[in-house]
Amino acid sequence: MTRWTPQGRALGIEVTKLEGAKVWGRVPYKAELVGDPETGVIAGGVITTFLDQLSGMAAVLAMREPTTVATIDIRIDYMRGAVPGRDVLAEAHCYKIGKNVAFVRAVAYEDSADNPIAHAAAAFMLNTQKKFGANLRETKK
């Protein structure tokens with residue numbers, strides 16, 4: 001999923017493991033992702049995007065039939081800045097699927113989820129058409 005989005009490709013988001021309704025990933029450290037050149041810390045927006053995209057993928061993995069999802073709400077609690085020069089890792093788990101909404105928790109870190117950079121709690125709207133692209137319509141120019 002992250003490779004399907006131009007934003008995910010631009011950030012270099014990689015999916016490293018899939019297991020049930022859980023997904024793990026990595027954002028390689030790159031100078032282009034730094035938010036503060038004086039410290040070398042990756043921008044908070046990169047962490048937010050990373051957690052959002054992995055969370056959306058976890059929601060899709062949790063469903064019996066894959067479908068598209070859209071972020072309804074995501075809350076990010078930042079605990080600290082990312083360590084300069086280090087890749088950022090994350091994991092996301094979809095813990096509840098309702099009729100129209102999926103609920104996901106995620107965490108970003110360098111070495112261990114016990115020392116988080118940020119935690120996320122997200123809700124995703126499920127495409128009730130039950131198939132990819134069902135909500136896409138051709139637009140007139």
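The values are calculated or read from the model by the stated rules, or taken from the named source; none is laboratory data. The structure displayed is predicted, hence computed values, not measured ones. Here the Cβ is made from the backbone with ideal geometry for all residues, glycine too, and neighbour counts use every protein chain on show.
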### Task
Take the stretch 18-59 and flag every residue that is charged (D, E, K, R) and in contact with a Leu (Cβ under 7 Å, 6 or more places away or on another chain).
R26
### Message
Looking at T39 and the list (1) modelled with pLDDT under 95; (2) among the polar types (S, T, N, Q); (3) surrounded by fewer than 17 Cβ atoms within 10 Å (Cβ to Cβ); (4) within 12 Å of the chain's Cα centre (by Cα), which single condition is not satisfied?
### Response
(4)
### Summary
Looking across the stretch 80-109 at residues that are in a loop (DSSP other than H, G, I, E, B) and farther than 17 Å from D36 by Cβ, the single one that is modelled with the highest pLDDT is D87
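Hey, any hits in the stretch 112-127 for a residue that's at pLDDT below 95 and either at positive phi or buried (at least 17 other Cβ atoms within 10 Å of the Cβ) (or both)?
Yes, there is a match, as at least one residue in the stretch 112-127 is at pLDDT below 95 and either at positive phi or buried (at least 17 other Cβ atoms within 10 Å of the Cβ) (or both).
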### Task
Consider only pairs whose beta carbons are under 9 Å apart and that are at least six residues apart or on different chains; among these, list those whose first residue lies in the stretch 60-79 and is under 16 Å from A90 (Cβ atoms) and whose second residue is of a type in the set (D, E) and assigned to a helix (DSSP H, G or I).
T71/D52; I74/D52; I76/D52
### Summary
Per the list (1) in contact with a Leu (Cβ under 9 Å, 6 or more places away or on another chain); (2) crowded, with 22+ Cβ neighbours inside 10 Å, residue check on I97 breaks on (2)
